[in-house]
Ligand SMILES: *Cc1c(COP(=O)(O)O)cnc(C)c1O
């Protein structure tokens with residue numbers, strides 16, 4: 001009997017939280033906007049510009065529909081990094097210039113680097129920052145959060161889904177709490193959209209960041225949702241032509257905008273079905289590894305977690321060593337932004353792992369284009385590589 005792993009195309013990509021491949025249905029919509037349709041969406045005095053403007057507005061509607069927003073609440077940016085910067089620094093700048101009352105910003109120690117650094121930067125502007133620890137499960141302690149959000153709090157920034165351990169924070173509860181205390185609620189939802197239900201009304205979100213390339217769309221484009229009622233007031237970070245309702249000057253890239261619009265439309269339409277399928281593949285991988293590898297433990301909460309995410313500590317191995325034995329498997333040993341350095345992940349340390357356990361951890365992120373055969377291939381190769389690394393004599 002032919003093995004179901006016989007015709008696998010290698011390397012197998014299991015790093016869908018670092019980035020996702022472009023969905024061919026997204027590429028198809030993007031292509032004309034690279035060639036014959038080259039107009040500037042701001043130059044609406046002629047047909048070239050008008051058709052580009054129409055395409056941008058169509059995409060804006062697609063993004064809005066995917067998150068329960070209105071089209072005019074969608075601001076296109078260059079990615080979630082820019083969106084997070086704009087939300088956090090923009091809110092602080094507005095407060096400082098126009099009101100200057102609320103001085104505290106609350107976030108989690110396990111947020112994406114761009115959120116942590118944006119919040120950190122506010123300290124120089126006279127803001128008081130709070131970086132709350134999370135539990136062993138990776139989740140925020142709501143009592144602790146409630147204690148941290150006072151009447152002086154301007155902004156609470158908590159991600160919807162963690163990029164390393166995939167845990168889902170209780171954003172609806174956090175949103176309700178922030179609203180009650182009169183603070184803005186920003187959520188980095190780059191990893192959550194298209195994977196778990198996400199609605200800016202249901203979670204009373206004021207500002208929310210998305211990224212194209214985490215949802216099978218193009219790199220170099222993102223979104224900041226900015227609530228209109230009640231209005232979330234932010235100051236722009238760029239000076240210029242006043243595009244995007246003055247919040248983000250600069251000519252939009254219609255191919256990328258069309259791409260993220262289509263990616264959002266697909267994410268919304270296929271989310272439920274895809275979540276079931278990805279969870280099935282993820283569980284197949286977990287059970288296979290439990291059986292074949294042994295000595296593995298899951299990092300982060302098992303239930304409140306993205307359907308495609310596995311982050312596991314493998315006893316007795318160094319993940320960087322392990323990866324060397326796995327040329328046909330694309331896995332991550334930390335978040336994409338930090339994997340260039342050998343520093344262990346602050347997220348894993350943040351949930352209480354020691355350096356050794358963090359260094360023994362790998363992330364496998366299953367995505368839209370993975371197959372059961374690829375999962376079986378990954379199990380085979382991981383089991384073999386772990387046995388090799390565990391069996392290798394210690395380097396002197
Ligand atoms: C990828 C990612 C970002 C950065 O997004 P870019 O579009 O690459 O700038 C921010 N936050 C989270 C949670 C991410 O996963």
ask   = For the modelled label position 7 Å from the Cα of residue 315 along Cα-to-Cβ, which residues of segment 245-287 have backbone nitrogen atoms closer than 17 Å?
value = 287
query = Given N residues in segment 135-190, what is Rg(Cα) / (2.2 N^0.38 Å)?
reply = 1.10
key: Calculated P(r) of segment 244-330 - Cα pairs past 23 Å, %   = 49
inquiry  = I want to check the label-to-label distance for residue 58 and residue 143. Put each point 7 Å from Cα in the C-beta direction and report it in nm to one decimal.
reply    = 5.4
note = With a Förster distance of 22 angstrom and the Cβ-Cβ distance between residue 113 and residue 270, calculated FRET efficiency to the nearest 0.05 equals 0.15
remark   = Given 10 °C, 1.306 mPa s and a Kirkwood radius over Cα pairs, the Stokes-Einstein diffusion coefficient of segment 24-266 in µm²/s is 88
ask   = When the C-alpha atoms of segment 156-295 are aligned to their principal axes, what extent does each axis show, in angstrom, from largest down?
value = 58, 40, 27
inquiry  = Restricting everything to alpha-carbon atoms, can you work out Rg to Rh for segment 259-305 with a Kirkwood hydrodynamic radius?
reply    = 1.15
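Rounded to the nearest 0.05, what FRET efficiency do residue 98 and residue 283 have when you use their Cβ-Cβ distance and R0 = 51 Å? The partial results should precede the final answer.
On the way: r = 50 Å, r/R0 = 0.98.
The pair residue 98/residue 283 has a calculated efficiency of 0.50.
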note = Computed over the chain: longest principal axis from alpha-carbon atoms vs helix 372-391 long axis, angle to nearest 10 degrees, is 60
note = So the angle from the long Cα axis of helix 80-98 to the longest Cα principal axis of the chain, reported in degrees to the nearest 10, equals 40
query = Where q = 0.21 Å⁻¹, what log10 of I(q)/I(0) comes from the Debye formula for segment 273-391, counting one point per Cα?
reply = -1.28
inquiry  = Can you compute the helix-only [θ] at 222 nm over the chain? Use -39500 (n - 2.57) per DSSP H run of at least 4 residues, normalise by all residues, nearest 500 deg cm²/dmol.
reply    = -12000 deg cm²/dmol
inquiry  = So if I take the centroid of the Cα atoms in segment 243-300 and the same for segment 179-226, what is the distance between those two points in Å?
reply    = 13
Full-extension gain in nm, residue 292 to residue 246, via 0.36 nm per residue minus C-alpha separation = 11.0 nm
query = Kirkwood hydrodynamic radius (Cα pairs, Å) of segment 1-133?
reply = 19.1
note = Here the percent of antiparallel bridges among DSSP beta bridges lying wholly in the chain, to the nearest 5, is 55
ask   = When the chain is fully extended, how far beyond the present Cα-Cα distance does residue 35 get from residue 50, taking 0.36 nm per residue of separation?
value = 3.8 nm
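Using only alpha carbon pairs under 8 Å that are at least six residues apart, calculate the relative contact order of the chain and give it in whole percent.
Working: 792 pairs, mean separation 91.6, N = 396.
Relative contact order, the chain: 23 percent.
Just so you know, all these numbers are worked out from the coordinates, no wet-lab data involved. Predicted, not measured: the structure shown is a model, and the values here were computed from it. Virtual Cβ from ideal backbone geometry, glycine too; neighbours counted across all protein chains shown.
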